[in-house]
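Presented below is the structure to which this report refers.
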Amino acid sequence: MSDVRFPPGFVWGTATAAYQIEGASQDDGAGPSIWDRFSHTPGLMTNGDTGDIACDHYHRYPEDIAIMRDLGMQAYRFSISWSRVLPEGTGRVNQRGLDFYRRLVDTLREAGIRPMATLYHWDLPAALDDRGGWLNRDVAEWFAEYASVAYKALDDTVEWWATLNEPWVVTDGGYLHGALAPGHRNLFEAPIATHNLLRAHGRAVQVYRSEGKHQVGLVVNLEPKYPFSQSEEDLAANRRADAYMNRQYLDPAFKGAYPDEMKEMFGAAWPDFPDADFDLIKQPLDFVGINYYLRAVTKADPSIPIERATRVRQPGAIYTETGWEVYPPALTAVLLWFKERYGPTPIYITENGAAFYDPPTAIDGTVNDPLRIYYLREHILSVHRAIEQGADVRGYFVWSLLDNLEWSHGYTKRFGIVHVDFATLKRTLKESAKFYREIARTNGGAVG
Ligand code: BGC
């Protein structure tokens, strides 16, 4: 297996997001985001954790970039906090907030690391939530204004821009099930949030075409669905689950229409959207970012709202600390599926990784994480298999560089290849980081 080599120029990197690592979310003139509010609402976060300090990356970014350099990373995917840059979401620009990202990308460049910036990784300015947030159609213009500020300040250095990270999670977690900010549970809001997210994405791409000189794309999370049985009920449930999670965003962005199943699932809550919106949403993209973590085996279950489908646990499979089945072949399958359904747009794996229990570091200062190494190895091999079969995958980003705030799970789920002691903020390379360093050094060769 030692002959596994990725195409020349394949990019190896790691990924993070602002609220999960930066801390200092109110420093230097930043405004609050919906995650500041959510995490400070009693009862919503495991252990009452907040992102107030997180990994303190806002102050320790030079150390984190030095770690990336030591790991031989070629690229770094981070997100920009909208309310750090525009404290009220629109209007007044907070120069000190922009300056942070300027220092970040310049330091990355000096370390030979190519920046990929995500504009929206779930932290809407609280001031915009007060104006309806993703439910207000004006959000597309607010987002375009913010995108333009970010492009003008950083596009000389940022090579790839992702408009949204995982719009499915924004809607499902934030507007339908309430587990994520802003914590709504409303069947009628979800389709509206979805649609406005896509309109905002379209506007940000339009703005980039007139102002940017690099690449712009959209990041989605895909979770391939496998029917539990070949019964008509399970096959239909599987189609619904697939439409809801995998096609709901990609179909409008690439084909200009929602899947038919959306109306079937949401019934009266799914409105008819104006035709003209789809011209805005369907913008040519330079790349798509795919975040892949797990698959789902799907069984019909009328008691579950919307999808009327449930996931079936697989006996004998390995599950991560977040309860996700480890199933690497689905990554090959989903990359080939993307190409077949949506055509030749280049793909980056913008997130892939796993939370596992990490044994204590105390004895010799090492963190031995064999399950994470296994996870990464098998998924990197799956990407390679997809490339051999014709998928145009250009790069791979591990989620995540650092252990960080896993949203409402607080600090209880560790996804990092670098361990963070949240009492001292000390960083320690896990064995998986050393494994990944060899992967990057050998362009995949070390995977065997
Ligand atoms: C998100 C990350 C998150 C990770 C693990 C993705 O859904 O983009 O922010 O930490 O998965 O749950």
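The values are calculated or read from the model by the stated rules, or taken from the named source; none is laboratory data. From a predicted model like this one, the values you see are computed outputs, not experimental measurements. Backbone-built Cβ (ideal geometry, glycine too); neighbour counts: all protein chains shown. Please note that ligands, DNA and RNA were not included when accessible areas were found on the heavy atoms of the full protein model with its side chains. Shrake-Rupley method; radii C 1.70, N 1.55, O 1.52, S 1.80 Å.
A few points about this structure:
- Any hit, the range 401-410, residues being open to solvent by 10 Å² or more (accessible area, probe 1.4 Å), hydroxyl-bearing (Ser, Thr, Tyr) and within 11 Å of the ligand (Cβ to nearest atom): yes
- Against the list (1) among the hydrophobic types (A, V, I, L, M, F, W, C); (2) open to solvent by less than 50 Å² (accessible area, probe 1.4 Å); (3) within 16 Å of the ligand (Cβ to nearest atom), the condition LEU371 fails is (2).
- Selection within the range 70-96 - of a type in the set (Ser, Thr, Tyr), within 16 Å of TYR151 (Cα to Cα) and either in contact with a Ser or Thr (Cβ under 7 Å, 6 or more places away or on another chain) or without any contact (Cβ under 8 Å) to a residue 24 or more places away in the chain (or both): SER79, SER81, SER83
Here's the yes/no breakdown for (1) open to solvent by 50 Å² or more (accessible area, probe 1.4 Å); (2) away from the ligand (no atom under 16 Å from the Cβ); (3) within 28 Å of ASP279 (Cα to Cα); (4) touching a residue at least 24 places away in the same chain (Cβ under 8 Å):
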residue: PHE100; (1), (2), (3), (4): no, yes, no, yes
residue: ARG103; (1), (2), (3), (4): yes, yes, no, yes
residue: ALA117; (1), (2), (3), (4): no, no, yes, yes
residue: ALA127; (1), (2), (3), (4): no, yes, no, yes
residue: ALA150; (1), (2), (3), (4): no, yes, yes, yes
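- Of the candidates LEU280, LEU235, LEU218, the single residue that is outside any loop (DSSP other than H, G, I, E, B), surrounded by fewer than 21 Cβ atoms within 10 Å (Cβ to Cβ) and in contact (Cβ under 8 Å) with a residue 12 or more places away in the chain is LEU280.
- Test: residue in the range 260-271 that is surrounded by 19 or more Cβ atoms within 10 Å (Cβ to Cβ), among the hydrophobic types (A, V, I, L, M, F, W, C) and within 16 Å of the ligand (Cβ to nearest atom): no
- Tally of residues being touching a helix residue (DSSP H, G or I) at 6+ places or on another chain (Cβ under 8 Å), within 16 Å of the ligand (Cβ to nearest atom) and assigned to a loop (DSSP other than H, G, I, E, B) across the range 290-320: 3
- ARG414 meets each of the listed conditions (1) assigned to a loop (DSSP other than H, G, I, E, B); (2) touching a residue at least 60 places away in the same chain (Cβ under 8 Å); (3) open to solvent by less than 30 Å² (accessible area, probe 1.4 Å); (4) within 16 Å of the ligand (Cβ to nearest atom) apart from (3).
- Enumeration of residues in the range 1-27 that are surrounded by 14 or more Cβ atoms within 10 Å (Cβ to Cβ) and either over 17 Å from LEU405 (Cα atoms) or modelled with pLDDT under 95 (or both): VAL4, PHE6, PHE10, VAL11, TRP12, GLY13, SER25, ASP27
- Hits in the range 343-361 (condition: at pLDDT 95 or above and more than 16 Å from the ligand (Cβ to nearest atom)): GLY343, PRO344, THR345, PRO346, ILE347
Rundown of residues vs (1) within 14 Å of the ligand (Cβ to nearest atom); (2) of a type in the set (Asp, Glu); (3) in a helix (DSSP H, G or I), yes/no style:
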residue: PHE6; (1), (2), (3): no, no, no
residue: THR14; (1), (2), (3): yes, no, no
residue: ALA24; (1), (2), (3): no, no, no
residue: ASP36; (1), (2), (3): no, yes, yes
residue: THR41; (1), (2), (3): no, no, no
residue: ASN47; (1), (2), (3): no, no, yes
residue: THR50; (1), (2), (3): no, no, no
residue: ILE53; (1), (2), (3): no, no, no
residue: HIS59; (1), (2), (3): no, no, yes
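- Output for the range 155-179, where each listed residue is assigned to a loop (DSSP other than H, G, I, E, B), of a type in the set (A, V, I, L, M) and open to solvent by less than 10 Å² (accessible area, probe 1.4 Å): VAL158
- Residues located in the range 381-406, provided they are in contact with a Pro (Cβ under 7 Å, 6 or more places away or on another chain) and part of a loop (DSSP other than H, G, I, E, B): ASP392
- Extreme residue, farthest from the ligand (Cβ to nearest atom), among residues of the range 380-400 that are open to solvent by 10 Å² or more (accessible area, probe 1.4 Å) and within 13 Å of PRO346 (Cβ to Cβ): GLY390
- Residues being closer than 27 Å to LEU218 by Cβ and surrounded by 19 or more Cβ atoms within 10 Å (Cβ to Cβ) are entirely absent from the range 358-365.
- Of all residues in the range 61-75, those satisfying the criterion of being over 21 Å from the mean Cα position of the chain (by Cα) and part of a helix (DSSP H, G or I) are PRO62, GLU63, ALA66, ILE67, ARG69, ASP70.
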